[in-house]
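Okay, so here's the structure we're looking at.
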Amino acid sequence: MSSASAAIPQPGRTKAFLRLVMIEHSIFALPFAYIASLTAMFQLDGNIHWGRLLLVTICMVGLRTFAMAVNRIIDREIDARNPRTAHRELVTGAMSVRHAWTGALIAVVVFLGSAALLNPLCLALAPIAVIPMAVYPYGKRFTNYPQAILGLAQAMGPVGGWLAITGAWSWDAVILGLAVGVWIGGFDLIYACQDVDSDRETGVLSVPARFGIPGAVWAARVCHALTTGLFIWYAVVTDAGTFLWLGLAIVAGAFVYEHTIVRPHDLSRLNRAFFSVNGFIGIALFVCALLDLLVRGLTV
């Protein structure tokens, strides 16, 4: 086998890498990049530009894949000391660090290349978007609020989606980005509650470890109330129609349900809240936003 072919993950390694980066979790942020992109298309000329939408998809998946891979690489020693994460591929040896770095570098090259194909502004800002993705894994080592870094990283998705279409800055996209960032930061607060004992034992910093599970759950509730307000603000500034408002009502109901099944002293349904409810929120709002834009005149 040549050295060139050895540098490319083989089929078994590729499968392990996709498990490592949890590729299916792209469902959390990707719908909001689509909402921003499609709204920008509606305002630009009323037509869906499929080529650009494909490049937005590649950019989002590429950057998220890089971020997850780097996170797993940097955190592998912490993961090894946590019973919940001790089965991860870099801990068990199912994937080597070298191959994980190979996958991460391929992903970031794909991201940068796709950004270059969109427009000069996307290419110029793309390296900046990589920074919080690489910084986030270190956050738990120097701040009790790593979710703030995660929220900043996730907020860039809708902003980037809008820039990809117009090549110009939009404060409407910033509002949507802030909503997404606060939303994801909020449910990550809930997710971090299951590691509170391990975090305290190993010295990992987090809101649950510092303030306790009740404090983290209440902070998540505040985040999701703020998210709802930001979604409403976005709907107002973009002159949303009936379907998007219906979507916001569904999202608000999902938030209420999420915080009904996750309580400070009962985390037994945490995974349902994290995976099922939050996945539903992204898909439901995207479907409603798309219907709203189509009814208002967006041409396929």
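Observations on the model:
- Total residues in the stretch 86-105, condition free of Cβ contacts under 8 Å to residues at least 40 places away in the same chain and crowded, with 17+ Cβ neighbours inside 10 Å: 2
- Exactly one residue among Ala273, Ala252 is within 19 Å of Ile190 (Cβ to Cβ), modelled with pLDDT of 95 or more, touching a helix residue (DSSP H, G or I) at 6+ places or on another chain (Cβ under 7 Å) and part of a helix (DSSP H, G or I), and that residue is Ala252.
- Residue in the stretch 21-34 that is under 13 Å from the mean Cα position of the chain (by Cα), on the phi > 0 side of the Ramachandran plot and not β-branched (Val, Ile, Thr) present: yes
- Out of Ala249, Ala273, Ala240, sole residue that is within 21 Å of the chain's Cα centre (by Cα) and either hydrophobic (A, V, I, L, M, F, W, C) or under 15 Å from Ala36 (Cα atoms) (or both): Ala273
- Evaluation of Ile58 against (1) more than 23 Å from Val204 (Cα to Cα); (2) free of Cβ contacts under 8 Å to residues at least 60 places away in the same chain; (3) crowded, with 20+ Cβ neighbours inside 10 Å (one fails), failing number: (3)
- Cross-chain or 6+ apart pairs with Cβ under 8 Å, the stretch 128-152 first and farther than 18 Å from Ala209 by Cβ and touching a residue at least 40 places away in the same chain (Cβ under 8 Å), then crowded, with 20+ Cβ neighbours inside 10 Å and of a type in the set (Gly, Ala, Ser): Ala129/Gly160; Met133/Ala67; Met133/Ala153; Ala134/Ala67
- Here His265 fulfils each of the conditions (1) surrounded by fewer than 15 Cβ atoms within 10 Å (Cβ to Cβ); (2) in contact with a strand residue (DSSP E or B) (Cβ under 8 Å, 6 or more places away or on another chain) apart from (2).
- Only listed residue being closer than 20 Å to Ala173 by Cβ and in contact (Cβ under 8 Å) with a residue 40 or more places away in the chain, chosen from Leu246, Leu285: Leu285
- The single condition among (1) buried (at least 22 other Cβ atoms within 10 Å of the Cβ); (2) under 19 Å from the mean Cα position of the chain (by Cα); (3) under 21 Å from Ala40 (Cα atoms); (4) small (Gly, Ala, Ser) that Ala284 does not satisfy is (1).
- The numbered conditions (1) surrounded by 15 or more Cβ atoms within 10 Å (Cβ to Cβ); (2) closer than 30 Å to Asp199 by Cα are all true for Leu248 except (2).
- Restricting the first member to the stretch 161-178 and to residues that are closer than 12 Å to Asn119 by Cβ, and the second to residues that are polar (S, T, N, Q), the beta-carbon pairs closer than 6 Å and six or more apart or on different chains are Trp162/Ser170; Ile165/Ser37; Gly167/Asn119.
- Long-range neighbours under 8 Å by Cβ, at least six apart or interchain, first residue farther than 16 Å from Ile184 by Cβ and of a type in the set (A, V, I, L, M) within the stretch 9-31, second at pLDDT 80 or above and not in a helix (DSSP H, G or I): Ala16/Ala94; Ala16/Met95; Leu20/Arg88; Leu20/Met95
- Qualifying position, being farther than 28 Å from Trp101 by Cα and over 13 Å from the mean Cα position of the chain (by Cα), among Phe42, Phe17: Phe42
- Unique residue being in contact with a helix residue (DSSP H, G or I) (Cβ under 7 Å, 6 or more places away or on another chain), without any contact (Cβ under 8 Å) to a residue 60 or more places away in the chain, under 21 Å from Phe28 (Cα atoms) and among the basic types (Lys, Arg) when the list is Arg52, Arg72, Arg76: Arg72
The values are calculated or read from the model by the stated rules, or taken from the named source; none is laboratory data. Please read these numbers as outputs of a predicted model, since none were measured by experiment. Ideal geometry is used to build each Cβ from the backbone, glycine not excepted, and the neighbour counts take in all protein chains shown.
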